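The values are calculated or read from the model by the stated rules, or taken from the named source; none is laboratory data. Because the structure is predicted, anything quoted here is derived from the model rather than measured. Glycine also receives a Cβ, built like all others from the backbone with ideal geometry; neighbour counts cover every protein chain displayed. Remember, those area values only see protein heavy atoms, side chains included, never the ligands or the DNA or RNA. Shrake-Rupley method; radii C 1.70, N 1.55, O 1.52, S 1.80 Å.
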Amino acid sequence: MVIDLIVIFCLAVGLIFFAGGTLGLLRFPDFYSRLHPAGKLDTMGSFLILLGSAIHQLFPLTLSTVLSGLKLMLIVVFVFLASPTATHAIVDAGFRAGLEPWKKGDPRR
Amino acid sequence: MKTLGLIIVGLVGAVLVSATVNFPPFGDPESPASLHVSPRYLEKTLEETAVPNAVTSVLADYRGFDTMFETTVIFCAGVACFLLLRVPRRRLPRPRQYRHRLTGLTFRIKEGGEVFLPLREFEPVDSIWTPHDFIIEKVCRYLIPFIQLFGLYVIAHGHHSPGGGFQGGVILGASIILLSVSHSLRTALKRMGEKISALFSPVGVFIFAGTGVLCLGLGYRFLDYQALATLLPVGPIMARSYGILLVEVGVGMAVMGTMVWIFKNLASRGRYDEGL
């Protein structure tokens, strides 16, 4: 019962993060600020959702459920490594190509 | 000419669209394919080949010919790219740059010039300045072994889960391409040179076709993996499972080698010196 509540909490908060990330991707004014939610919120959202699924399938506690929980956490590790790096690479490429960051008062791009 | 092409394209498109009307509806249980062929494979796969994943057994065993020539097509694509793009090595070396590691001084050597530099102190650099980002290089450096391990897992685990030779080979090839994108083409060439990547694709096709010929030589039909039971200490059903694994390894090698081969040809414009 308590486990279910924790799982529901994790999934709900993860979905809120994903919704915020999508909203930011659609609504922010330029390239750099749009990559900000794509890099941060999606990572956090996938972390929470995978954590929720890991806790959900952990009971009854046996070796195989623990192992699959560990595999889900391994996905989290790789997402945490790869997603910010990819965002960093894209921002870097944009900056090197000479794209000016958006300032207050400029039109949306 | 343009209008003629447009008319032809429109006509062919109309024929194709009219042909789709005659197809059985999507997921129709009464269509010929679902009546005879699919249930036969789905029901008999496990008892005949000991492979739980019906997709793998259909691809590599029941329709092995199809997959063998798919692999051959991939090999042909690699050869075609090689023949189109590869520039033969010129007698005079191209102009090139070296950087002194300690001082950062860069030397440019003119076309045809020959200089003997102690390579421990000098490193070759690209003619166009390319960024080297510390974060990207380090993260890719630590991720690539895990990607390759996952690729091997996908190849070996195609019997039980989604995957197989094509998918695993693509993952393995992509790991080498990631190395080339994140570091430089020269680093990737050090890890997997032109000859190795060009050798991998025919060797993969050879393993596939060689398995078939081996079955032929043992007195069975081409690609009938039951023949392997005479070589391995297993029954004919498990022999089919092992035969599928052997063939998947060949497919994986061919796909990996061809992907890396085509990428190197495209990225360096066929010169294999620098690029990206």
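Among the residues making up the stretch A:19-42, those that are in contact with a Gly (Cβ under 9 Å, 6 or more places away or on another chain) and either open to solvent by 70 Å² or more (accessible area, probe 1.4 Å) or among the polar types (S, T, N, Q) (or both) are A:PHE31, A:SER33, A:HIS36, A:LYS40. Scan the stretch B:43-58 and tell me whether some residue there is among the charged types (D, E, K, R) and within 19 Å of the chain's Cα centre (by Cα). No - not one qualifying residue is present in the stretch B:43-58.
Restricting attention to the stretch B:227-238, the residues that are in a helix (DSSP H, G or I) and either closer than 24 Å to B:PRO52 by Cβ or touching a Gly at 6+ places or on another chain (Cβ under 7 Å) (or both) add up to 6. Close contacts from the stretch A:83-109, counting a first residue that is within 11 Å of another protein chain (Cβ to nearest Cβ) and under 28 Å from A:MET44 (Cα atoms) and a second that is of a type in the set (Asp, Glu) and surrounded by 10 or more Cβ atoms within 10 Å (Cβ to Cβ), with Cβ to Cβ under 8 Å and a gap of 6+ residues or different chains, come to A:SER83/A:ASP42; A:HIS88/B:ASP133; A:ALA89/B:ASP133; A:ASP92/B:ASP133. Among the residues of the stretch B:265-276, are any free of Cβ contacts under 8 Å to residues at least 12 places away in the same chain and either closer than 20 Å to B:LEU83 by Cα or open to solvent by 60 Å² or more (accessible area, probe 1.4 Å) (or both)? No.
Residue count for the stretch B:207-226 satisfying the condition of being open to solvent by 50 Å² or more (accessible area, probe 1.4 Å) and assigned to a loop (DSSP other than H, G, I, E, B): 5.
Considering the stretch A:79-109 alone, what residues qualify as being surrounded by 14 or more Cβ atoms within 10 Å (Cβ to Cβ), aromatic (Phe, Trp, Tyr) and not in a loop (DSSP other than H, G, I, E, B)?
Of the residues in the stretch A:79-109, the ones surrounded by 14 or more Cβ atoms within 10 Å (Cβ to Cβ) are A:79-92, A:94, A:99, A:102.
So of that shortlist, the ones also aromatic (Phe, Trp, Tyr) come out as A:80, A:102.
A:PHE80 - this is the single residue of the stretch A:79-109 that is surrounded by 14 or more Cβ atoms within 10 Å (Cβ to Cβ), aromatic (Phe, Trp, Tyr) and not in a loop (DSSP other than H, G, I, E, B).
The number of residues in the stretch A:68-78 being away from chain B (no Cβ under 11 Å) and open to solvent by 90 Å² or more (accessible area, probe 1.4 Å) comes to 2.
Scanning the stretch B:168-190 for residues that are away from chain A (no Cβ under 11 Å), crowded, with 18+ Cβ neighbours inside 10 Å and without any contact (Cβ under 8 Å) to a residue 60 or more places away in the chain yields a total of 4.
For the structure I just gave you, tell me whether B:GLY204 is in a helix (DSSP H, G or I) and under 22 Å from B:GLY163 (Cβ atoms).
Values: in a helix (DSSP H, G or I): yes; under 22 Å from B:GLY163 (Cβ atoms): yes.
So B:GLY204 fits the description; yes.
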